[in-house]
Amino acid sequence: EQQVEAERKRLGVVVHGEDVPKPVGSFVQASLPEHVLGTLRAAGYDAPTPIQRQAWPIAMSGRDVVGLAETGSGKTLAYLLPALVHASAQPPLKEGEGPLCLVLAPTRELACQIESEAARFGAPCGVRTAAVYGGVPKAEQVALLRKAPELLVATPGRLNELLSKKKTELTRCALLALDEARRRYSREAAEIQPRLGFEPQISAILGHMRHDRQSLLFSATWPAEVQTKVLSFLSDQGRPFLFLSL
Ligand code: ADP
Ligand code: MG
């Protein structure tokens, strides 16, 4: 206990929540599938980053996480590996079935980056991945969805379009990850393209999902004016969740 406290202090980690599981010290301790460990070794990664060490045991115990950590701290794998563990524990989906895990990202570039990371770790475990985002024709994405990816990465606007056209559904989707949902846009960018509609878009998507889903929210920024809204995206306000910042 004291050791964990001392380490959190050393890393500057602030943890909120009840009965928060201890951080893992290594990849092996994190009970990751053998194929995931193989990919981590092949990538030359030595050890989990602080946010991964803290977030994995919580996420893998089924609890919600709000993880705040600076850019470059390894947030993507902090939610992707628990998502892959969840997906690989389920029987493979049949053609046309909706995903088991959903990752929402604010931009097409980010969605593509996340999907390629998800495919790198997911493919060896037999987890199919796909990304859908705006600015490109829908037909190709509709074809990808028909192949029933277990893990889907999406921008909210395009996913809502596809949901309303019944090209996918989220009834089996029990894990939501929100990446950089609170990204702060420069004033200039905000003037050119007011970011109206992002939160309603997310709320609409949540309306398609199971109420008992698990939510993993990761961001580099945490502006005061959006905290209440973002926390309302957590699945169950009554369930203990972790909030950590690094
Ligand atoms: P963030 O989302 O917090 O900005 P990323 O998830 O994009 O950070 O990770 C930044 C880089 O660090 C990526 O190239 C990623 O592959 C790499 N990375 C992630 N986890 C580890 C790790 N445990 N050890 C070494 N590199 C890692
Ligand atoms: Mg990131």
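Looking only at residues of the stretch 42-93 that are over 20 Å from T129 (Cβ atoms), within 12 Å of ligand 2 (Cβ to nearest atom) and among the small types (G, A, S), we find that the one that is nearest to the chain's Cα centre (by Cα) is G67. Counting only residues that are without any contact (Cβ under 8 Å) to a residue 40 or more places away in the chain, aliphatic (A, V, I, L, M) and within 12 Å of ligand 1 (Cβ to nearest atom), the stretch 24-36 holds 1 of them.
The residues of the stretch 124-145 that are basic (K, R) and over 27 Å from T39 (Cβ atoms) amount to a single one, K138. Scanning the stretch 161-180 for residues that are crowded, with 21+ Cβ neighbours inside 10 Å, more than 16 Å from ligand 1 (Cβ to nearest atom) and within 21 Å of G62 (Cα to Cα) turns up L170, C173, L175, L176. Of the residues making up the stretch 137-151, one or more are at pLDDT 95 or above, farther than 29 Å from S245 by Cβ, in contact with a strand residue (DSSP E or B) (Cβ under 9 Å, 6 or more places away or on another chain) and among the acidic types (D, E).
Apart from one condition, A143 fits all of (1) in a helix (DSSP H, G or I); (2) more than 15 Å from the chain's Cα centre (by Cα); (3) touching a residue at least 24 places away in the same chain (Cβ under 8 Å); the exception is (3).
When A105 is tested against (1) away from ligand 1 (no atom under 13 Å from the Cβ); (2) under 23 Å from R210 (Cβ atoms); (3) hydrophobic (A, V, I, L, M, F, W, C), exactly one condition is not met: (1). What are the pairs, 6+ residues apart or on separate chains, where a residue within the stretch 95-118 that is at positive phi has its Cβ under 7 Å from a residue that is buried (at least 16 other Cβ atoms within 10 Å of the Cβ)? From the stretch 95-118, the pairs are G96/A148. Screening C125 with (1) surrounded by 17 or more Cβ atoms within 10 Å (Cβ to Cβ); (2) more than 15 Å from ligand 2 (Cβ to nearest atom); (3) closer than 27 Å to E161 by Cβ gives one miss only, at (3). Where residues in the stretch 67-83 are touching a strand residue (DSSP E or B) at 6+ places or on another chain (Cβ under 7 Å), within 23 Å of E150 (Cα to Cα) and among the small types (G, A, S), which of them is nearest to ligand 1 (Cβ to nearest atom)? Among them, the one singled out is A78. Each residue in the stretch 228-240 was checked for being surrounded by 13 or more Cβ atoms within 10 Å (Cβ to Cβ) and modelled with pLDDT of 65 or more, and 6 of them qualify. Taking first residues from the stretch 207-220 that are without any contact (Cβ under 8 Å) to a residue 24 or more places away in the chain and on the phi > 0 side of the Ramachandran plot and partners that are basic (K, R) and within 13 Å of ligand 1 (Cβ to nearest atom), no Cβ contact under 7 Å between residues at least 6 apart in sequence or on separate chains turns up.
The values are calculated or read from the model by the stated rules, or taken from the named source; none is laboratory data. Note that this is a predicted model, so its numbers are computed, not measured. No Cβ is skipped: glycine too gets one built from the backbone with ideal geometry, and neighbour counts run over all protein chains shown.
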